[in-house]
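These notes concern the structure reproduced below.
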Amino acid sequence: MDIKNYSLAELEALSQKIRDRILDVVSRNGGHLSSTLGATEIIVAMHKVFDVANDPFIFDVSHQAYAHKLLTDRWETFESLRQFGGISGYTKPSESPSDYFVSGHSSTSISLGVGAAKAIALQGKTASRIPVVLIGDGAMSAGMAYEAMNELGDRKYPMVIILNDNEMSIAKPIGAISRMLSSAMASPFYQRFKKKTEQFVDNFGEGAHYLAKRFEESFKLITPGILFEEMGIEYIGPVDGHDLKSLIDILNMAKAMGKPVLVHVQTIKGKGYEIAEGKHEKWHGVSPFDLKSGTANAKSSVKSATQIYAEALMHQADHNDKIVGTTAAMPSGTGLSALMEKYPDRFWDVAIAEQHAVTSMGALAKEGFKPFCTIYSTFLQRGFDQVIHDVCLMDLPVVFALDRAGIVGEDGETHQGVFDISFLRLIPNMTLCAPRDEKSFHQIMAFAAGYAHPCAIRYPRGAFLPAELPESIHFQKGKAQLLISNASDTLFIGYGNGVGRAAQTMQYLEEKPSLLDLRFVKPLDDDMLRNMASSHKKWFIFSDSSRMGGVGSALLEWLSQEKITDIDVISFEYEDEFIRHGNTLLVEESLGLLPQQLAQKVISAL
Ligand SMILES: Cc1ncc(C[n+]2csc(CCOP(=O)(O)OP(=O)(O)O)c2C)c(N)n1
């Protein structure tokens, strides 16, 4: 949609139309709501001032970029937002050339802007192309943003960074930076004073400009401006992010400055949908809801793995005051909110700062505490080096609780929790285990609370796959549990949620195999596996994880080490490719991973 020649009134009408479309589709499909509603005018202004076909448009996390999708040829297809085979909830160049980069993990945008600016300089196009970056105040809490600004402020590449400050991350933002952003510059006093100064300047002309500038400059000493200006980045703001005229004027100005400029924009999260307006965590990401009342259409009555984790951790924390824990900006997503409320001195949200979360928990462990570092599988990728360098090298007893392990559904590629086994298994001192249901989760938490070395526990998004199986027994390091023993050549080996998948697959088979709950993929249960290898010659592996380096891989390495050569191993883990977004069952069906499909594969393999 070319909006370059739109009048202000037309742009305002367009913003309303965009909001209506977002509300209509998100209320039916679910998705990110309040961030994207709040950023609507900013994105319309970006499209008015910059040229999406030429200038890199870079959205941090990109969950707020729905307006951008609607403005770039996806008005109709937006209908399929986040559905299998449909439009992604994030920017994705393979979906549209207007999407500059894949994004889903936060705080990469300024680095991308710096990289793009370097390329633009090398191409000799500095006069005709400029990166424009949209980043939220929550995303500004991560170290990467400062690493990028540190270089940018020194090299002075022309770039416009729009800081969308809605005073919210998903939850309440944490830390000094967010406090600084909402400090004096944004205060009513400053706003009133600024207006007065502007009137004064208008009335008295040039001479007054000098005074006004002096005022601004001295004020910056106690405002967010100082932070950015001292880094060498011009600061403009705060600007009302719902006032299109101001936004367009200021972005035009920032674009013309020929240097790095940060425009501090204030918005209301959820703007335009009254029920969601303001600081409401629950409207950040939503499942389908009734537009009129704002109530969710359907709520699952089955307990999620996250809920079980939170209850089990609460139980451990109630009985052991050495237990501490952290989340990196996901208090409700990880179930830690209740613990933070009950034990505010022992459970912390550290903002979007996975690396810092891991390392700081290492120090707590060194001091004799027992940290539970609760992070989504996909976001621990950020803290990989810290797991090795600051926890495992010291053999510290940090527990990594990895939520959303496996396919996560509608968030798709950027959020799939499929790599954790592969990237953690190779670390010396690391123990890896997984529960399969509520009871085993409580047992594993008791095990972890008393364990003196690093360990990681993975569990799925939503509920465990249900299965009628013998009860889980007490957890012991490196010990598997044989759940079903049949006089069969075939052994199903399940890990975590894979146990339920294996049990469900069995229901479609006439000849019933044996079923082993592996429980620990590191260390493996040597005795049990030797036993199984002598009686079962066909092993099928069930685990919601990447095949490369995953559970099957661990077992093949073990067989090779043991010089056992007469076992066939077939792994039903994920192939070596990125997994698309969509309803989890539909995605699994497309990968042939539904129990009925797996049963067919087993039959053909036997
Ligand atoms: C590395 C990483 N950790 C956690 C998240 C989860 N996450 C998605 S959006 C978000 C909050 C972003 O807040 P902000 O930048 O202020 O944007 P807003 O939604 O408020 O517009 C978080 C924590 C993520 N995407 N990436």
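The values are calculated or read from the model by the stated rules, or taken from the named source; none is laboratory data. None of the values given here were measured: they were computed from a predicted structure. Glycine gets a Cβ as well: all are built from the backbone with ideal geometry, and neighbour counts include every protein chain shown. Ligands, DNA and RNA are excluded from the accessible area calculation, which covers all protein heavy atoms including side chains. Shrake-Rupley method; radii C 1.70, N 1.55, O 1.52, S 1.80 Å.
From the helices alone, meaning DSSP H stretches of at least four residues, give me the mean residue ellipticity at 222 nm for the chain, per-run term -39500 (n - 2.57), in deg cm²/dmol to the nearest 500.
-11500 deg cm²/dmol
Residue 292 to residue 7: FRET efficiency via 1/(1 + (r/R0)^6), r the Cβ-Cβ distance, R0 45 Å, to the nearest 0.05?
0.90
Length gain on complete extension for the stretch residue 76 to residue 603, per 0.36 nm per residue less the alpha carbon to alpha carbon distance?
185.4 nm
Quick one: Karplus J couplings for the range 245-258, per residue in order, coefficients 6.51, -1.76, 1.60, θ = phi - 60°, nearest Hz, x for Gly and Pro?
My calculation for the range 245-258 gives 4, 4, 4, 5, 4, 6, 5, 4, 5, 4, 4, 7, 6, x Hz in order.
Say each of residue 473 and residue 591 gets a label point 7 Å from the Cα, pointing the same way as Cα to Cβ; how far apart are those two points in nm?
3.2 nm
Between residue 320 and residue 452, how many nm apart are label points set 7 Å from Cα along the C-beta direction?
With each label placed 7 Å out from Cα toward Cβ, I get 1.3 nm.
If contacts are Cα pairs under 8 angstrom and at least 6 residues apart, what is the relative contact order of the range 286-390 in percent?
24 percent
Would you grab the residues whose amide H sits under 5 Å from the one on residue 262? Only those 5+ places off in sequence or on another chain, please, with H modelled 1.01 Å from N.
Under 5 Å from the amide H of residue 262: 161, 234, 235, 236.
State the percentage of accessible surface on the range 73-112 attributable to carbon and sulfur atoms; use a 1.4 Å probe and exclude ligands, DNA and RNA.
About 56 percent, which is the carbon plus sulfur part of the accessible surface.
Would you mind getting the accessible area per residue of the range 462-503, heavy atoms of the protein chains only, 1.4 Å probe, in Å²?
Accessible surface, normalised per residue, equals 43 Å².
Using the Karplus equation 6.51 cos²θ - 1.76 cosθ + 1.60 (θ = phi - 60°), what ³J(HN,Hα) coupling, rounded to whole Hz, does each residue of the range 575-586 give in order, writing x for Gly and Pro?
For the range 575-586, the Karplus-derived couplings read 5, 7, 7, 6, 9, 5, 8, x, 3, 4, 5, 5 Hz, x marking Gly and Pro.
Specify which residue in the list 456, 482, 470 is farthest towards the positive end of the charge dipole of the range 404-497, using unit charges on the beta carbon of Lys, Arg (+1) and Asp, Glu (-1), about the Cα centre.
Sorting the options by dipole projection puts first 456.
Collect residues whose amide H, placed 1.01 Å from N in the peptide plane, falls under 5 Å from the amide H of residue 464; neighbours closer than 5 in sequence don't count.
It is 305, by chain and number.
Which shape class applies to the range 302-416: rounded if a/c is under 1.5, otherwise prolate when a/b exceeds b/c and oblate if not, where a ≥ b ≥ c are the square roots of the Cα gyration tensor eigenvalues?
Since a/c reaches 1.5 but b/c is at least a/b, the shape of the range 302-416 is classed as oblate.
Carbon and sulfur together cover what percent of the accessible area of the range 246-288 at a 1.4 Å probe radius?
53 percent
Quick one: if the Förster radius is 35 Å, what FRET efficiency do residue 243 and residue 338 give, using the C-beta to C-beta distance and rounding to 0.05?
In this case the efficiency is close to 0.35.
Evaluate the relative contact order of the chain (contact order divided by residue number), counting alpha-carbon pairs under 8 angstrom at least 6 apart; express in whole percent.
12 percent
Can you work out the accessible area per residue across the range 316-360, with the rest of the protein chains kept in place, probe 1.4 Å, in square angstrom?
40 Å²
Can you give the relative contact order of the range 395-457 as a percent, counting alpha carbon pairs under 8 Å and 6+ residues apart?
So the answer I get is 48 percent.
Residue by residue through the range 57-69, what is 3J(HN,Hα) from phi via Karplus (6.51 cos²θ - 1.76 cosθ + 1.60, θ = phi - 60°)? Round to whole Hz and write x for glycine and proline.
9, 10, 10, 6, 6, 6, 6, 9, 9, 4, 4, 4, 4
List the residues, sorted by chain then number, that are 5 or more residues from residue 406 or on another chain and whose placed amide H is less than 5 Å from its amide H.
Distant-sequence amide H within range of residue 406: 417, 418.
Can you pull the one-decimal nm distance between simple spin-label points at residue 512 and residue 147, each 7 Å off the Cα toward Cβ?
5.3 nm
How much FRET efficiency would the formula 1/(1 + (r/R0)^6) give for residue 176 and residue 257, where r is the Cβ-Cβ distance and R0 is 45 Å, rounded to 0.05?
Given R0 = 45 Å and the Cβ-Cβ separation, E is 0.95.
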